[in-house]
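As structure tokens, the structure follows; a few thoughts come after it.
The values are calculated or read from the model by the stated rules, or taken from the named source; none is laboratory data. Nothing here was measured: the structure is a model prediction, and the numbers come from that model. All Cβ positions, even for glycine, are placed from backbone atoms using ideal geometry, and neighbour counts span all protein chains on display. The protein model used for the area step is the full one, side chains on, heavy atoms only, and it has no ligands, DNA or RNA in it. Shrake-Rupley method; radii C 1.70, N 1.55, O 1.52, S 1.80 Å.
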2 protein chains.
Amino acid sequence: MTAAVLCIGTELTRGELLNSNATWLAESLTRIGLEVTAVDCVDDDRGRIEASLRRLSAEHQVLVCTGGLGPTTDDITTECAARIAGVPLVRDEASLEHIKQLLRRYGRPELVSSNAKQADFPAGARILPNPDGSAPGFGVKLGSCSAYFMPGVPREMKAMFDVSITPDLAALVTGARHQIVLRCFGLPESEVNDRLVGVEAQYGVIIGYRASVPEIEVKVLASASSREAALDLAERAAADVRSRLGDFVYGEGFGDLPGHVGGMLAQRGLTLAIAESCTGGLAAELLTRIPGSSRYFLGGVVAYANAVKTALLGVPAELIAAHGAVSAEVARAMAEGVRQRLRADLGLAFTGIAGPDGGTAEKPVGLVHWALATANGTQAAQRVFGVGDRNSVRRRATFAGFDLIRRSV
Amino acid sequence: MTAAVLCIGTELTRGELLNSNATWLAESLTRIGLEVTAVDCVDDDRGRIEASLRRLSAEHQVLVCTGGLGPTTDDITTECAARIAGVPLVRDEASLEHIKQLLRRYGRPELVSSNAKQADFPAGARILPNPDGSAPGFGVKLGSCSAYFMPGVPREMKAMFDVSITPDLAALVTGARHQIVLRCFGLPESEVNDRLVGVEAQYGVIIGYRASVPEIEVKVLASASSREAALDLAERAAADVRSRLGDFVYGEGFGDLPGHVGGMLAQRGLTLAIAESCTGGLAAELLTRIPGSSRYFLGGVVAYANAVKTALLGVPAELIAAHGAVSAEVARAMAEGVRQRLRADLGLAFTGIAGPDGGTAEKPVGLVHWALATANGTQAAQRVFGVGDRNSVRRRATFAGFDLIRRSV
């Protein structure tokens, strides 16, 4: 049983927008147990939209479409779907009422006339509610293909897919699926691959990877005749994956390493302060983007200039002169300084050369020292993050720092 | 003259990877003057790859493909291309030599046998060098369609496209094109749209948008019979766009608002320090991701806990008690404190409620106060960033702060 995704919109074929909808839908359909073999975009052209719908509905059992459900004249997806289904458009009064209410709430009641077409659907279609927006979606049979149409706004699309489409599709797929996501940090993707050779064949599962640099998500997808059997198979395969990857697996499910470390700190009742030179606020940013991080994160100092390292963190100017700002000694002093001055349980610090300039033979671009100060003392580590640009160096370094906390507290 | 993009790989149809290649290629082809009407992905299946190549080469004059040129057994793009072109594969000795050298340099000479197939090309194909990787690309005629095949690694793909394919395609397109990109901040996309109604028709140009939240890129693409005429047309249309958008246009070309403000500071010889509460390091991060930002950015304080606002920025505890941490008074004190303690020309500060929790009727989620302290005094501003999640609030707030600098210095 194969599925296709079709994203409709000239903004996509002109490359004005990164198509994150397509990736999200392809991943969601795969997780449900469908084999997605085509992910297409087409521009807002009636002939080409209809040709795409005709072709994809003939080749696949499931077709999921986004875009072109808006109120403007180039939003023609619904008309095209009705033509391919061979049915007329019919106005749905309940949807029209929803649109009127929404426009009143936004203070734009005069838009009702242009938005009214969003209440038209192919006759016999199942209407998919959109609590967050003015464009409802719909499901309709195109020949023997189950086709679904959703708005292109990611938030609205995702909610609609999860609530109104996923149960439909899960019922189409025979058997049951269970997926376990293992979160991994510290191994290159090629080595993760090497270590997992043979797992797919041994268990009959699908191993998927997603690199969210510098982390890797390893997805174990098991299919079986019953929910229990799928769960059991996924768990056995995941246990093998865990043992092959060892303690490079730091967690399961969604979230990232900073969030995982934040959760550890919250659980243990520990507070953290961060001093950053080359990472320039990135480590603090990665923590504070997590809701509730104020429970464990007190704050930090971005000590970009050396004078700031001395004034705000108490790093002796002589230490910087003796070893250079990029040194284990200065990283330690920064970690201890920020821990003490912010009265935190843990002090984490970074100093390095993110590039592209500023490297020397002795201290090349990519060299970062990081240190963790605790009540029991201070430990430091270093590495040359050799592949990648300035932001890759900074990102890899901050994750290495969080990993040091994970392995230490 | 229409063009299509085809990205080949099961990792794409399973949604394991955000397809940034497709967006980049669609944008590049549009800029060259081609009308891109299809951007497709297909999995690593011989039958489906060949069907896609047959269909897209029949429907378009230009086809640009990525992926499936690697050394593993599921890399079958070259074989499929040769079958559709109706020609045999021929080994290219110069490419084989390049691959051997590369593998020796990486210390993996034993891989030559599996990588050798990367030196096979459809007979008569033009080989496109890949200085950075082991997979050369190639260009080949599929019927009357000019088809190009490139590796999926973004860095290698982009270099190959710019160096080896762009000149080819520019020669295919009659006339000349010139594009001007205007960078805009502070207007919602719908209002930018409204203000530019009629520009396309008046000048015969294409207006494209790219929202890179919270900024908007407005692209003015002019086509004419000569280079000079295209340049002139683009400039006339862009001048009209500028006058319609007023001082919401802050710059031209690539880069973002933080980078633009950084450039202004460098040019004027001014230094900046930043104090952040709700933005949690994001403002510092946006500046320090720019190479050379140490010329104007001294550092900052992430004062997440109130005690840190007092200890490191000298914000009186009584001021916080009287007005609350989220207030114009505290924003001003933070800006003045960070300016003074870091001995900077400018001090910028943010305090607010990023959410999802912590809002009240008086101070709702999304409320942010920001302030700019200079030698001439301190100014503050505030806004409720109402639509979007925590990170959207933080991002919009930091950009609003940088915009205050742009309009003040």
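Data table
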{"item": "Copies compared at B:VAL90 - label distances in nm, ascending, label defined 7 Å from Cα in the Cβ direction", "result": "6.2"}
{"item": "Lys, Arg +1 and Asp, Glu -1 on Cβ, resulting dipole of segment B:103-224 about Cα centre, debye, nearest 20", "result": "500"}
{"item": "Cα gyration tensor shape of chain A, rounded if a/c is under 1.5, else prolate or oblate by comparing a/b with b/c", "result": "prolate"}
{"item": "Peptide B:202-214, shielding by other chains (average Cβ, 10 Å cutoff)", "result": "2"}
{"item": "Segment B:198-251 versus segment A:70-128: alpha-carbon centroid distance in Å", "result": "32"}
{"item": "Other copies of B:GLU59: label-to-label distances in nm, shortest first, labels 7 Å along the beta-carbon direction", "result": "0.9"}
{"item": "Dipole of the protein assembly as shown, positive end: most advanced residue of A:PRO71, B:VAL338, A:PRO109 [Cβ charges, Cα centre]", "result": "B:VAL338"}
{"item": "Accessible solvent surface per residue of segment B:180-283, calculated while the other protein chains remain in place, 1.4 angstrom probe, Å²", "result": "40"}
{"item": "Within-10-Å neighbourhood charge of B:PRO356 [Cβ basis; K, R +1; D, E -1]", "result": "-1"}
{"item": "Ranked by how many other beta carbons lie within 10 Å on average, peptides A:254-261, B:299-306, B:253-260 from highest", "result": "B:299-306, A:254-261, B:253-260"}
{"item": "By average C-beta atoms within 10 angstrom, highest first, the peptides A:86-95, B:16-25, B:326-335", "result": "B:326-335, B:16-25, A:86-95"}
{"item": "Of A:VAL368, B:THR2, A:ALA238, farthest towards positive along the dipole that unit charges on Lys, Arg, Asp, Glu beta carbons give the protein assembly as shown", "result": "A:VAL368"}
{"item": "Shielding by partners, peptide B:6-14 (average Cβ within 10 angstrom, other chains)", "result": "5"}
{"item": "Charge dipole (debye, nearest 20) of the protein assembly as shown; +1 at Cβ of Lys and Arg, -1 at Cβ of Asp and Glu", "result": "1600"}
{"item": "Cα-centred dipole magnitude for chain A, charges only on beta-carbon of K, R (+1) and D, E (-1), debye, nearest 20", "result": "860"}
{"item": "Rounded, prolate or oblate (a/c below 1.5 giving rounded, otherwise prolate when a/b exceeds b/c) for segment B:277-336 by Cα gyration tensor", "result": "prolate"}
{"item": "Model label zone, B:ARG295; criterion: amide N under 19 Å from point 7 Å along Cα-to-beta-carbon; scope segment B:248-264", "result": "B:251-264"}
{"item": "Average beta carbon contacts from partner chains per residue of A:287-296, 10 Å cutoff", "result": "5"}
{"item": "Cα gyration tensor shape for segment B:147-254, rounded if a/c is under 1.5, else prolate or oblate", "result": "oblate"}
{"item": "All lysines inside 29 Å of B:LYS363 as judged from Cα atoms, apart from same-chain residues fewer than 8 positions distant", "result": "B:LYS309"}
{"item": "Average Cα contact separation per residue, chain A, under 8 Å, 6 or more apart, as relative contact order %", "result": "10"}
{"item": "Hits among lysines - C-alpha to C-alpha of B:LYS158 under 28 Å, sequence gap 8 or more where chains match", "result": "B:LYS100, B:LYS117, B:LYS141, B:LYS219"}
{"item": "DSSP-defined antiparallel bridges as percent of all bridges, chain B, nearest 5", "result": "60"}
{"item": "Which of B:PHE185, A:PHE149 is most accessible, then next, and so on - probe 1.4 Å", "result": "B:PHE185, A:PHE149"}
{"item": "Net charge contributed by nearby residues that have their C-beta within less than 14 Å of B:ARG183 (K/R +1, D/E -1)", "result": "-3"}
{"item": "Interface size A-B, as summed buried accessible area [1.4 Å probe, Å², nearest 100]", "result": "4600"}
{"item": "For B:LEU128, net neighbour charge (Lys/Arg +1, Asp/Glu -1) across residues whose Cβ lies under 13 Å away", "result": "-3"}
{"item": "Protein accessible area in segment B:98-188, 1.4 Å probe - carbon and sulfur %", "result": "56"}
{"item": "B:SER144 - accessible surface, heavy atoms, 1.4 Å probe, Å² rounded to 10", "result": "100"}
{"item": "Gap separating the Cα centres of segment B:322-350 and segment A:1-65, nearest whole Å", "result": "50"}
{"item": "Pseudo-label separations to other copies for A:VAL112 - Cα-to-Cβ vector, 7 Å, nm", "result": "7.8"}
{"item": "Phi to ³J(HN,Hα) by Karplus 6.51 cos²θ - 1.76 cosθ + 1.60 over segment A:246-254, Hz, x for Gly, Pro", "result": "x, 7, 6, 7, 9, x, 9, x, 9"}
{"item": "Sequence-separation-based contact order of segment A:91-139, relative, with Cα cut under 8 Å and 6+ spacing, percent", "result": "37"}
